[in-house]
């Protein structure tokens, strides 16, 4: 069998007049793999090879009997998916360059042998051409998808094609026909060629075909049935094919001469040539395997159950380690927001109303679609419909921003949430005003009276829209702090203060959830009264709201207790000099406090503590070390009990339908953190009870990084005995 070889690649470079240019700006190929000692007798043929190449005339080709380029080409494709530019990956292949330049006007011209009489002379050329065409078309489709979603250029992905047309003018169907024709050629070759090589090539062509079919499903984003079949089906086929590709990898041989960083000089770029990005075969297949599995999981978001399960799915998916590639995250964005349709079939109003009904308004007349049919301006239902639509218009963008933000890379999530939380703070005052208007129109009766410090009482109301906004704002503030631990924003000596601040935020959320529960119980109890402001609704809506409230209450209490355990433990460790604060001659604690509180300084409620309050609460001067450790032990135990209960919740009870396994794993990781915190407190208490002869504590303390912690949000100090 005739196939393209290293000689062809060298000849092509020679024809480009790049072979004799200065190598100072290019990257040398990696060293050749070493053969096992005593198995092969080798000698240097470099000089002979170069002499032989010089005897070739322009356009003359020498072919050998092996086909060895596919693994190298596919590895460079995967490097591009990781975020490296095309100039350092796919476009460093001489065969790809030959196909794209000059730009082919027809599909027949898309060949690295432009002479039509020779283009079909070799079956191996046809197979390599089909593989390269499938690769380039897939890259073009992926590039188009990412460009049309929210991403960060250079930080996430480089979409620059350097004036190269990635076969945009040719249809996917046409490329698939070329791949099918190449597969037919393999059928003919199977009669005379080596079967292992034939099957290896067949699997690689099949991989290109299935991946291209999966990417092509993007045009059917409004047809959920079609996209599920066209995305998950080919992805599963590709997973099966990948196993066969791994098994036959040993049949290939690297051809470094088929790739050159010097090709970058022909690209429309102001950047100097950069080294080619080399991925090992194992790394490339590992990334591809992860892309396929994440892609299959992404399509599960189309199984809509409720708004909170949707949020949990997106958050769990984005928090996976390693993080899904940018193409998969772009695909998720397309499913969520394409043409302002949620999951291809829901309106934004449906999603908002579903969320409001779960959190604060089960079966409420405020969400009754019948209000839209009333045309009399004086009718309360007309005013309700008008006011609720006005609120939806204001709340839509902040609400969608939560989902869109969690489709970005982890660092961007935290940075963007710092802006989103201010939008929710502004929305809170609008929601309060809206509640007052709606309260009058529905004839809402006050809930239980609230006593003031002076002994007087005031009547409180449910304020559902305000409660909904305030709950989300509190959760956003907590997420910002928690992501700070995960991303190592805080230094070890700042952990006590930030866990104290997290404890305060979670405590406010716990109180607010209790207020929502009281309002729900009052509203549901009055549902059948003479002045009912609810509409007939199935019992499941009321049950769903109370179930979510119970789950939110448990989550807030667990966060409160575990944060309290850690900040008390850290304060004790610094007080006992088991941890040392670093010297910072060019900064002060107050300046550092302002930096950490910067995302929250514009928040009206709850306001961050003043520096004096913050310092007093993070030193706990009025509490002894023993009291701090006792409080930490009790809080860690309370958090443990809460997390044990959470770990047993069903997917519906924890609102994690579609992502229950991932949610459970994170809860169990937090459970391990609470157990570790309790053990750490116990070791310090034992060390205090039995100090050394010189009064020292025979323990050492290390603050692990988030990657070494059980849960990246809960950085538990590691305490070990010292003899």
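The values are calculated or read from the model by the stated rules, or taken from the named source; none is laboratory data. What you see is a predicted model; the values in this text were computed from it and never measured. Counting neighbours? That spans all protein chains shown, and the Cβs are built from the backbone with ideal geometry, glycine included.
Residue-by-condition table, conditions (1) assigned to a loop (DSSP other than H, G, I, E, B); (2) at pLDDT below 95:
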| residue | (1), (2) |
| --- | --- |
| 613 | no, yes |
| 639 | no, no |
| 655 | yes, no |
| 658 | yes, yes |
| 675 | no, no |
| 679 | no, no |
| 693 | yes, yes |
| 697 | yes, yes |
| 700 | no, yes |
In the stretch 583-611, the residues that are over 27 Å from residue 424 (Cβ atoms) and part of a loop (DSSP other than H, G, I, E, B): 583, 584, 585, 586, 587, 588
Test result for residue 484, over 30 Å from residue 677 (Cβ atoms) and either modelled with pLDDT of 85 or more or assigned by TED's automatic domain parsing to the domain that holds residue 352 (or both): no
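Sort out for me the helices (runs of 4 or more DSSP H) sitting completely within the stretch 307-363 that have 2 or more residues that are under 17 Å from residue 398 (Cα atoms) and at pLDDT 95 or above.
Answer list for the stretch 307-363: 307-318, 348-359.
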Any hit, the stretch 376-391, residues being assigned to a helix (DSSP H, G or I), modelled with pLDDT of 95 or more and closer than 30 Å to residue 317 by Cβ: yes
Condition broken by residue 613, with the remaining ones in (1) closer than 17 Å to residue 499 by Cα; (2) surrounded by fewer than 17 Cβ atoms within 10 Å (Cβ to Cβ); (3) under 32 Å from the mean Cα position of the chain (by Cα) satisfied: (3)
Selected residue [modelled with pLDDT of 90 or more and surrounded by fewer than 17 Cβ atoms within 10 Å (Cβ to Cβ)] from 573, 546, 505, 562: 546
Positions within the stretch 695-723 being surrounded by 15 or more Cβ atoms within 10 Å (Cβ to Cβ) and farther than 23 Å from residue 489 by Cα, in sequence order: 697, 699
Condition broken by residue 336, with the remaining ones in (1) in contact with a strand residue (DSSP E or B) (Cβ under 8 Å, 6 or more places away or on another chain); (2) farther than 25 Å from residue 147 by Cβ; (3) in contact (Cβ under 8 Å) with a residue 60 or more places away in the chain satisfied: (2)
Any chance residue 305 is on the phi < 0 side of the Ramachandran plot and touching a helix residue (DSSP H, G or I) at 6+ places or on another chain (Cβ under 8 Å): no
Hits in the stretch 581-612 - residues which are closer than 25 Å to residue 625 by Cα and touching a residue at least 40 places away in the same chain (Cβ under 8 Å): 581, 582, 593, 609
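Would a scan of the stretch 686-694 turn up a residue that is in contact with a helix residue (DSSP H, G or I) (Cβ under 6 Å, 6 or more places away or on another chain) and crowded, with 18+ Cβ neighbours inside 10 Å?
Taking the stretch 686-694 and keeping what is in contact with a helix residue (DSSP H, G or I) (Cβ under 6 Å, 6 or more places away or on another chain), we get none.
Within the stretch 686-694 (the criterion being in contact with a helix residue (DSSP H, G or I) (Cβ under 6 Å, 6 or more places away or on another chain) and crowded, with 18+ Cβ neighbours inside 10 Å), the answer is no, since none of the residues qualifies.
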Residues of the stretch 364-375 that turn out to be touching a helix residue (DSSP H, G or I) at 6+ places or on another chain (Cβ under 7 Å), part of a helix (DSSP H, G or I) and free of Cβ contacts under 8 Å to residues at least 40 places away in the same chain, as a count: 3
Test: residue in the stretch 219-226 that is within 26 Å of residue 91 (Cβ to Cβ) and in contact with a helix residue (DSSP H, G or I) (Cβ under 8 Å, 6 or more places away or on another chain): no
